[in-house]
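A.B. asks: I have a structure I would like to understand better, so I am pasting it below and will then ask my questions one at a time.
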Amino acid sequence: MQLFYNPTINETTETFSFDKEESKHIIKVLRKKDSDILHVTNGLGLLFKTEITLASDNKCTVQIVSVEKTETPKYKLHLAVAPTKMNDRYEWFLEKATEIGIHEITPIICDRSERKVINIERFEKIILSAMKQCNQLYLPKLNPAVTFKEFLKAEKTGTVLIAHCEETNKKSLKSVVAPNTDYTILIGPEGDFSNKEIELALGNSYIPVSLGETRLRTETAAIVACHSVVFTNED
């Protein structure tokens with residue numbers, strides 16, 4: 001199934017048109033024509049089966065034939081991950097985490113962060129592309145970058161964890177994670193969180209966890225954390 005995306009549609013929508021860029025791709029590149037079937041999601045768990053009624057490369061119009069709703073996830077995974085020095089590594093994380101099944105992502109700027117500015121529009125495009133590629137019906141939420149302290153001040157739900165490399169008393173992530181539970185997990189930059197940041201997180205009820213015996217890159221640690229939570233919630 002080839003999946004398309006339109007954030008404006010819902011269960012009451014009967015017809016809609018794709019924008020010019022998507023219309024051109026559908027008609028000129030994919031060579032779709034009148035009466036062809038397209039599958040579309042709004043990124044909120046709905047899958048629309050649609051039929052092309054106007055095969056125009058300027059404004060491809062479709063009529064909704066049927067709607068299916070997927071089950072709402074029984075848990076939520078929010079990863080707060082420091083941007084990596086090499087931008088392509090963070091983009092790789094965004095792509096793979098979306099494929100695995102993350103729900104929310106926040107870039108956090110830490111004491112040892114070498115990259116403090118991100119291109120959120122590019123990141124959103126990477127997440128959207130990954131969602132369509134793997135036929136996910138829920139679009140992960142990408143938040144603007146915030147400082148570590150700002151993130152800690154924001155209200156959280158569920159269990160909050162911080163993964164760091166310091167040789168202190170930590171629990172293994174696999175021993176902490178349970179099914180049907182919301183998690184927020186902090187992943188630091190190259191060079192790890194500073195001692196001050198770790199102490200601040202612990203003072204805000206974050207549980208320190210280990211992701212294994214080896215020292216992982218930021219993007220690898222984020223994927224390990226993501227997969228651990230998703231795998232625990234598989235039927």
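The values are calculated or read from the model by the stated rules, or taken from the named source; none is laboratory data. As the structure is a prediction and not an experimental result, all values here were calculated from the model. Here Cβ is always computed from backbone atoms with ideal geometry, including for glycine, and neighbour counts include all displayed protein chains. To get the accessible areas, we keep the full protein, side chains included, count just its heavy atoms, and leave off ligands, DNA and RNA. Shrake-Rupley method; radii C 1.70, N 1.55, O 1.52, S 1.80 Å.
A.B. asks: Search the structure for amide H atoms under 5 Å from the amide H of Gly45, placed 1.01 Å from N in the peptide plane, and list their residues when 5 or more places away or on another chain.
C.D. replies: It is Tyr138, Leu139, by chain and number.
A.B. asks: Another question about this same structure. Would you mind checking the tilt of helix 87-100 against the longest principal axis of the Cα atoms of the chain, expressed as 0 to 90 degrees and rounded to 10?
C.D. replies: Relative to the chain, helix 87-100 is tipped by roughly 70 degrees.
A.B. asks: Between rounded, prolate and oblate, where does segment 142-219 land on the alpha carbon gyration tensor, with a ≥ b ≥ c its root eigenvalues, rounded for a/c under 1.5, else prolate if a/b exceeds b/c?
C.D. replies: Values: a/c = 1.43, a/b = 1.07, b/c = 1.33.
It comes out rounded by the Cα gyration axes.
A.B. asks: Rounded, prolate or oblate: which fits segment 83-188, taking a ≥ b ≥ c as square roots of the Cα gyration tensor eigenvalues, rounded meaning a/c under 1.5, else prolate when a/b beats b/c?
C.D. replies: Because a/c hits 1.5 or more and a/b fails to exceed b/c, segment 83-188 counts as oblate.
A.B. asks: Once both axes come from the Cα atoms, what is the angle between helix 218-232 and the longest principal axis of the chain, in degrees from 0 to 90, rounded to 10?
C.D. replies: 70
A.B. asks: Now for a separate question. Among the listed pairs Lys96/Lys153; Lys76/Lys132; Lys33/Lys59; Lys24/Lys96; Lys116/Lys174; Lys141/Lys196, which have their C-alpha atoms separated by more than 24 angstrom in this model?
C.D. replies: Pairs exceeding 24 Å: Lys96/Lys153; Lys24/Lys96; Lys116/Lys174; Lys141/Lys196.
A.B. asks: Please report Rg (one decimal) and Dmax (integer) in Å for the Cα set of segment 1-152.
C.D. replies: Final numbers for Rg and Dmax: 17.7, 56 Å.
A.B. asks: Ok, one more. Quick query: amide H of Ser172 versus all other amide H atoms, modeled in the peptide plane; which residues come in under 5 Å with a sequence gap of 5 or more or a different chain?
C.D. replies: Ser210
A.B. asks: Can you classify segment 181-235 as rounded, prolate or oblate using the Cα gyration tensor, where a ≥ b ≥ c are the square roots of its eigenvalues, rounded means a/c under 1.5, and otherwise it's prolate if a/b beats b/c and oblate if not?
C.D. replies: oblate
A.B. asks: What size of dipole, in debye to the nearest 20, comes out for the chain about its Cα centre when the only charges are +1 on Lys and Arg C-beta atoms and -1 on Asp and Glu C-beta atoms? If you can, show how the numbers build up before the last one.
C.D. replies: Working: 30 positive and 33 negative charges, 55 e Å.
It comes to approximately 260 debye.
A.B. asks: Tally up the carbon and sulfur contribution to the accessible surface of segment 97-235 as a whole percent, 1.4 Å probe, everything protein left in place.
C.D. replies: Looking at segment 97-235 in its full context, I get 47 percent from C and S.
A.B. asks: Still on this structure, I have one more. Give the angle, between 0 and 90 degrees and rounded to the nearest 10, that separates the Cα long axis of helix 120-133 from the longest principal axis of the Cα atoms of the chain.
C.D. replies: Helix 120-133 sits roughly 60 degrees off the main axis of the chain.
A.B. asks: Quick one: accessible area per residue over the chain, 1.4 Å probe, rounded to a whole number of Å²?
C.D. replies: 54
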